[in-house]
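For reference, the structure discussed in these notes is given below.
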Amino acid sequence: EPEVTQTPSHQVTQMGQEVILRCVPISNHLYFYWYRQILGQKVEFLVSFYNNEISEKSEIFDDQFSVERPDGSNFTLKIRSTKLEDSAMYFCASSADHSNEQYFGPGTRLTVT
Amino acid sequence: AQSVTQLDSQVPVFEEAPVELRCNYSSSVSVYLFWYVQYPNQGLQLLLKYLSGSTLVKGINGFEAEFNKSQTSFHLRKPSVHISDTAEYFCAVNDYKLSFGAGTTVTVRA
C-alpha cells in the first residue's frame, strides 16, 4: 500500500539555524500539506500546496517558513531561522483531491535547543 | 472557517466496555468529517470518514461514527474496547485543509 514518507524522523538543531524537513507524498496525489503538533497540543494546519503553489496558509506560516516541490516526488518544508517555539512534530500529508482523506506521514520530531 | 470541538479531553474505560467519543463541528454547506487515531509516538491513522450518503459510517478496528446534521455532531463509538485501543483520538473537518479538535485521550484498563 502506498504511503507518505518523511525524513529525518528526528532533527535536533540550534536556535537560529535553518532546517529542511523532507516528505515524499503518495505518487498520484495532487494536494500536499504540512501540519505541526506541539507536544501535548492539537494538530495545527500550516500550509497546503497544489499545482506548484501555496493554496492556503495559516497564521503560523510566517516569512520564516517556505515550501517547495523541487522535483516530481519530494515536498519540503524549510524553516529559515528556527526558534525554540518551533519545536514540534511536523507531519506531511497528501490527498488525491481537496475534500477526501489526507494520508499522513509518520512525522519529523524537530527539537530546537 | 469550520471548527471542531471534542467534548471530552480524557476518557478512561475498562477493557470490553463500550466507549463513545463526542465531536461537534461548526456547520457549513458541505461537511467532510474524519476521525484519526494517534498511537503513542506514532503518526495519524484514519479510522473512518464521512463524505456523503449513509449517516452511519463504519471504520477500522470495530469503530463506527454517526453523522447528525441537526445536532452538528459526529460521535465515535466502539461497543467493546481492547487494551490496544489506548491512544489519542482526533476528530477533524475538511475545509480544503483539516481542522482538528483538541483530541481525546482514551486509556483502556484491564
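All of the numbers you see were taken from the coordinates with simple rules; none came from a lab. Predicted model, so just to flag it, every value in this text is computed and none were measured. Glycine gets a Cβ as well: all are built from the backbone with ideal geometry, and neighbour counts include every protein chain shown.
Close Cβ contacts (under 9 Å, 6 or more residues apart or on different chains) running from residues in segment A:95-113 that are within 7 Å of chain B (Cβ to nearest Cβ) to residues that are small (Gly, Ala, Ser) and in a loop (DSSP other than H, G, I, E, B) comprise A:Ser99/B:Ser30; A:Phe104/B:Gly43; A:Gly105/B:Gly43; A:Pro106/A:Ser9; A:Pro106/B:Gly43; A:Gly107/A:Ser9; A:Gly107/B:Gly43. In segment B:67-99, how many residues are more than 16 Å from B:Gln42 (Cβ to Cβ) and either free of Cβ contacts under 8 Å to residues at least 60 places away in the same chain or within 14 Å of another protein chain (Cβ to nearest Cβ) (or both)? Count: 20. Can we say A:Gln17 is touching a strand residue (DSSP E or B) at 6+ places or on another chain (Cβ under 9 Å) and touching a residue at least 60 places away in the same chain (Cβ under 8 Å)? Yes. The residues of segment B:21-52 that are away from chain A (no Cβ under 14 Å) and surrounded by 16 or more Cβ atoms within 10 Å (Cβ to Cβ), listed by number, are B:Leu21, B:Arg22, B:Asn24, B:Tyr25.
All conditions in (1) buried (at least 18 other Cβ atoms within 10 Å of the Cβ); (2) touching a strand residue (DSSP E or B) at 6+ places or on another chain (Cβ under 9 Å) hold for B:Ile83, with the sole exception of (1).
Pick out, from segment A:1-89, the strands (runs of 3 or more DSSP E) lying fully within it that include 2 or more residues that are within 11 Å of chain B (Cβ to nearest Cβ).
So the answer is A:5-7, A:31-37, A:44-50, A:53-57.
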